[in-house]
Amino acid sequence: MKQKLLFANITEESNWSDWRWQLRNRIMSSDELDQYANLSVYEKASIQKAIDVFPMAITPYYASLINKDDSTCPIRMQCIPNPKELIKGSGDMDDPLHEDGDSPCPGLTHRYPDRVLLLVTNECSMYCRHCTRKRKVGDNEKVSKDSDIIKAIEYIKAHPDIRDVLLSGGDPFVLSTNRLEQIIRRVREIPHVQVIRIGTRTPVVMPQRITDHLVKMLKKYHPIWINTHFNHPREFTEESARALAKLADAGIPLGNQTVLLKGINDCAFIIKKLAHLLVSNRVRPYYLYQCDLSRGIEHFRTPVSKGVEIMEALIGHTSGFAVPTFVVDAPGGGGKIPVLPNYQLSSTSTKTVLRNYEGVICIYEEPANYNSSCSSTCNVCKGSSALHDPIGLQKLINPNAKMVSLIPEGNRRKKRLKIYKDILHDN
Ligand code: SF4
């Protein structure tokens, strides 16, 4: 609690523990940063330029975790702007994940067959400098309107394939509990929605938000799943642990999404320590994300090979449930693509050759005379669109598949053939 002394205006313990106080007292200008980080006049001026492009907001709680004398402090690097944010990298895009492109109505992204992303606010308690949604988060002109949320919910109602709705933003937990409940209730009333997920960084940056009142409300709408966003072991404190315990005690399965960030957590030892802290707090490390190609965050990016190197150091070296899936969220709306070290070395019809984390090479003997045990009495697949309207490789490998190849649009060989046939036809 030593850090709280930084706040001369705290008169009572209850202020610090009050999430609304944390929100009201956020650090939002470069002048206010003095007491948290040693900054030169030049640094302050350049930070202000970055703030003009992407706003800064740091809760007193998160600011209290900064090591004032360390310019490479992982907490500092995630919350204090850097003039490098103004540099446009060669691969930078405004909407690298094509969330707006895959949006049937404002605030809703429908990319995967059975789930949608619903953005319920564009505000966060803290603006992460590596945010992938920089194009809209914190922008007063892009506030989520109630009419948009109603339209999005109508869309979900009209699409019975949607069984999983992810509420995100911004951070849904900056909304009042009443407002959030209104939205959750409307979604829960849709019969085909099985699961409601919430993506939130508040357990990390404003754990005071996880109140008994909030948790009591969430419990009414199970199954609710929550994904948090811890990036570094230093983000674990007594307060964040308490917030996670409240959520877990309410029967909410917790997952964590970490973004791989240069100079912050691009190290197998840091990620392993983080994973162990997460599972000790009943949070499953869910994804390790390759940093996206969003504008102004190239200085946080690592090569994809760094993630593979980290996975090599985790798989087999620690409990399976402590190992996240490393994914590249593919630019252009390709979605999350898992990337792994290669463990399958070769295969024949009788044997598969594998290697383990120690470098041991072994064979797996394939079963003799294997036939799929699909029986006429089992009906699980019968109504499934995956069988009758397959996607991707399923078009080739599902039992009803008629196609023998998938050819990308614009294939040069096919184009050439078509031109030749057209000429023949014209003659
Ligand atoms: S909490 Fe999430 S949405 Fe908000 S700024 Fe951080 S990364 Fe972006």
### Message
Which residue fluctuates most in the GNM of the chain (Cα springs below 10 Å): Asp171, Asp266, Asp31?
### Response
Asp31
### Task
Excluding residues on the same chain fewer than 8 positions from Lys418, give the aspartates and glutamates whose Cα lies under 19 Å from its Cα.
Glu409, Asp426
### Query
Tell me, what ³J(HN,Hα) does each residue in the range 309-315 have, in order and in whole Hz, if you take phi through Karplus 6.51 cos²θ - 1.76 cosθ + 1.60 with θ = phi - 60° and put x for Gly and Pro?
4, 5, 4, 4, 7, 9, 4
### Query
Do the alpha carbons of any pairs in Lys306/Lys395; Lys145/Lys219; Lys136/Lys336; Lys351/Lys395; Lys84/Lys306 sit beyond 24 Å of each other, and which pairs?
Lys306/Lys395; Lys145/Lys219; Lys351/Lys395
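In the chain, what % of DSSP beta bridges are antiparallel (nearest 5)?
35 percent
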### Message
Restricting to Cα pairs below 8 Å that are 6+ residues apart, what does the relative contact order work out to for the range 301-385? Please round to a whole percent.
### Response
17 percent
### Message
Could you report the accessible area of His213 in Å², rounded to 10, computed with a 1.4 Å probe on the protein chains as they sit in the structure?
### Response
120 Å²
## Note on the structure
Taking alpha-carbon centroids only, the range 178-216 lies from the range 392-427 a number of Å equal to 47 Å
### Query
Given Cα pairs under 8 Å that are at least 6 residues apart, what percent is the relative contact order of the range 108-338?
15 percent
### Message
Placing +1 on the Cβ of each Lys and Arg and -1 on the Cβ of each Asp and Glu in the chain, which of Leu261, Ile184, Phe230 has its Cα farthest towards the positive end of the resulting dipole?
### Response
Ile184
### Query
Most mobile of His159, His110, His232 per a Gaussian network model of the chain (Cα springs, under 10 Å)?
His159
### Message
Using the Cα centre of the range 331-404 as origin and beta-carbon charges of +1 (Lys, Arg) and -1 (Asp, Glu), tell me which of Ser373, Tyr357, Gln344 is placed farthest towards the positive end of the dipole.
### Response
Ser373
### Gyration tensor over alpha-carbon atoms, the chain, equivalent ellipsoid semi-axes in Å
41, 26, 26
### Task
For a quick protection proxy, order the peptides 383-392, 358-367 by their average other-Cβ count within 10 Å, most packed first.
383-392, 358-367
### Message
Using a probe radius of 1.4 Å on heavy atoms only, what accessible surface per residue do you get for the range 108-338? Whole Å² is fine.
### Response
39 Å²
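About its Cα centre, how strong a charge dipole does the chain have in debye, to the nearest 20, once Lys and Arg get +1 and Asp and Glu get -1 at the Cβ?
Once rounded to the nearest 20, the dipole reads 760 debye.
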### Task
Any chance you could look up the accessible area of Asp139 with a 1.4 Å probe, heavy atoms only, rounded to 10 Å²?
50 Å²
### Query
Within the accessible area of the chain, what % is carbon and sulfur when the probe is 1.4 Å and the other protein chains stay in place?
55 percent
### Task
Take the alpha carbon atoms of the range 99-116, find their center, do the same for the range 282-299, and report the distance between the two centers in whole angstrom.
20 Å
### Query
What shape does the range 108-338 take by its C-alpha gyration tensor, where a ≥ b ≥ c are the square roots of the eigenvalues and a/c under 1.5 counts as rounded, a/b above b/c as prolate, and the rest as oblate?
prolate
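Find the Cα radius of gyration of the range 152-201, compare it with 2.2 N^0.38 Å by division, and give the number to two decimals.
The value comes to 1.12.
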### Message
Using only DSSP helix segments of four residues or longer, with each worth -39500 (n - 2.57), what per-residue ellipticity at 222 nm results for the chain after dividing by its residue count and rounding to 500?
### Response
-8500 deg cm²/dmol
### Message
Rounded, prolate or oblate, given the Cα gyration tensor of the range 292-414, with a/c below 1.5 counting as rounded?
### Response
oblate
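The values are calculated or read from the model by the stated rules, or taken from the named source; none is laboratory data. None of these values were measured; they are calculated from a predicted model. Quick reminder, even Gly has a Cβ in these numbers, built from the backbone with ideal geometry, and neighbours come from all protein chains shown. Heads up: the accessible areas ignore ligands, DNA and RNA and are worked out on the full protein's heavy atoms, side chains in. Shrake-Rupley method; radii C 1.70, N 1.55, O 1.52, S 1.80 Å.
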